[in-house]
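Notes follow the structure.
Each value in this text was obtained by applying a stated rule to the coordinates, not by laboratory testing. Everything numeric in this text was worked out from a predicted model, so none of it was measured. Heads up, the Cβs are rebuilt from the backbone with ideal geometry, glycines too, and the neighbour counts pull from every protein chain shown.
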Amino acid sequence: MLTKLLILLMCLFSFSFNLAAEASGTEITALHWGVSKENVFRVVLDCTGPTDAQAVLNDDSLMVSVEGGLKPYVSKDYKVKSDTVDHVELQATGEKTVLQLPLTRKLADSDYKIFVLKKDPVTKRPDRIVIDIASGNTGFKPVASTGAVIPSILAKPTFEIGGGIKGKMITLDPGHGGTDPGAIGKQGTKEKDITLKIAMKVRDYLLDKGAEVSMTRTNDKDVYGPDATDAQELQARVDAAQANDADLFVSIHCNASTNPNVGGISSYFFPKTDYDKIAAAAIQQDLTKKFGLDDLGVRQANFYVNKRSSMPTVLIETAFISNQKEEKLLRSNWFQNKMAKAIADGIEDYFAATGGDQ
Ligand SMILES: [Zn+2]
């Protein structure tokens with residue numbers, strides 16, 4: 001009995017110790033903003049762990065001090081559109097990060113709200129700080145005042161479409177990496193190596209076309225870190241696209257099947273914007289017209305990266321690493337090159353096909 005009690009106490013101690021350690025190491029991984037239907041301007045800071053925030057309201061600014069550092073890849077400046085705020089800045093000061101919201105009109109204390117949301121294992125949303133500012137015209141309406149449900153209204157698209165590929169920001173995500181090899185072929189080919197090689201070539205082609213490119217990884221590593229959960233790892237990739245204000249996010253994979261005869265190319269989208277499907281179709285078209293492989297089509301799926309990013313996102317399943325013929329192709333430099341060029345051409349076609357700015 002006593003031993004049991006001791007063990008219980010030890011568990012409790014180590015548990016509270018872990019919590020403290022986690023809280024002090026919290027970092028901000030992304031900033032999202034949007035305007036709800038009720039015209040509430042919202043800023044959401046995604047964090048790696050428990051956090052807290054304090055606000056100071058001045059005549060010309062709202063300053064929010066957040067407990068936690070700032071991941072180096074997060075942009076520090078955001079142009080936003082609201083009747084109260086036109087840009088948002090983040091300033092990292094070691095253990096804390098200050099969010100500066102210069103105001104274009106004077107606010108009352110009742111015009112803004114700040115709340116802390118805990119990580120939600122069901123929706124896989126991370127710990128978050130949410131700042132809401134009411135519109136000058138309407139003020140706050142009594143909707144969803146608990147702060148428990150809200151963050152899904154927003155995500156006003158900040159991506160650009162149309163007008164050609166020049167100057168567009170494209171984030172490329174070579175699937176898997178580091179401790180996660182992805183699928184492995186009969187000859188021992190690892191998906192993570194092929195996706196990286198193809199993605200690096202896509203980057204070169206895109207840069208040649210005048211696009212800007214950011215990568216979730218450029219070497220063999222986990223993006224979040226070793227031994228992360230799938231959700232953490234995938235969210236880190238989404239965060240990279242968000243942090244770079246990507247206009248298009250492309251995740252590159254190799255397919256696998258238990259049936260070694262199955263082969264072909266497919267492009268996946270989730271219809272969260274009007275452009276996800278258009279982008280997938282443009283890429284799939286270039287990929288299939290230039291190869292003799294089966295066209296498995298443009299497919300809708302609930303993949304994490306497609307769903308959780310705010311910009312149009314395409315996940316490409318290049319070919320089947322589980323099919324011996326296609327594994328051989330995936331390993332060859334000329335095939336990787338040809339595939340990379342087709343992906344870059346498809347992206348170019350997408351920006352040519354969609355018209356005007358959002
Ligand atoms: Zn994969």
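Beta bridges from DSSP with both residues in region 169-353: antiparallel share about 20 percent, rounded to the nearest 5. When DSSP beta bridges are limited to those with both residues in the chain, what percentage is antiparallel, rounded to the nearest 5? That works out to approximately 70 percent antiparallel. Among beta bridges from DSSP that stay inside region 235-317, the antiparallel ones total about 25%. Along region 27-44 the Karplus relation, 6.51 cos²θ - 1.76 cosθ + 1.60 evaluated at θ = phi - 60°, assigns HN-Hα couplings of 9, 7, 9, 6, 10, 10, 9, x, 10, 7, 4, 7, 6, 8, 8, 10, 10, 10 Hz to successive residues, with x for each Gly and Pro. Around the amide H of LEU62, modelled in the peptide plane, lie the amide H atoms of LEU101, LEU103, all under 5 Å away and 5 or more residues distant in sequence or on another chain. The charge dipole of the chain, taken about its Cα centre with unit charges on the Cβ of Lys, Arg, Asp and Glu (plus for the first two, minus for the last two), comes to roughly 740 debye.
Summed over qualifying helices (DSSP H, 4 residues or more, each -39500 (n - 2.57)) and divided by its residue number, the chain shows a 222 nm mean residue ellipticity of -9500 deg cm²/dmol. Among MET63, MET339, MET215, sorting on how many other beta-carbon atoms sit within 10 Å of each Cβ, with the fewest leading, yields MET63, MET215, MET339. Amide H contacts under 5 Å for ASP294: GLY264, ILE265, restricted to partners 5 or more places along the chain or on a different chain, H placed in the peptide plane at 1.01 Å from N. Scanning residues 5 or more positions from ILE161 or on other chains, those with amide H under 5 Å from its amide H are GLN358, with H placed 1.01 Å from N in the peptide plane. Put in order of Cβ neighbour count within 10 Å, fewest first, the listed residues LEU117, LEU207, LEU329 become LEU207, LEU117, LEU329.
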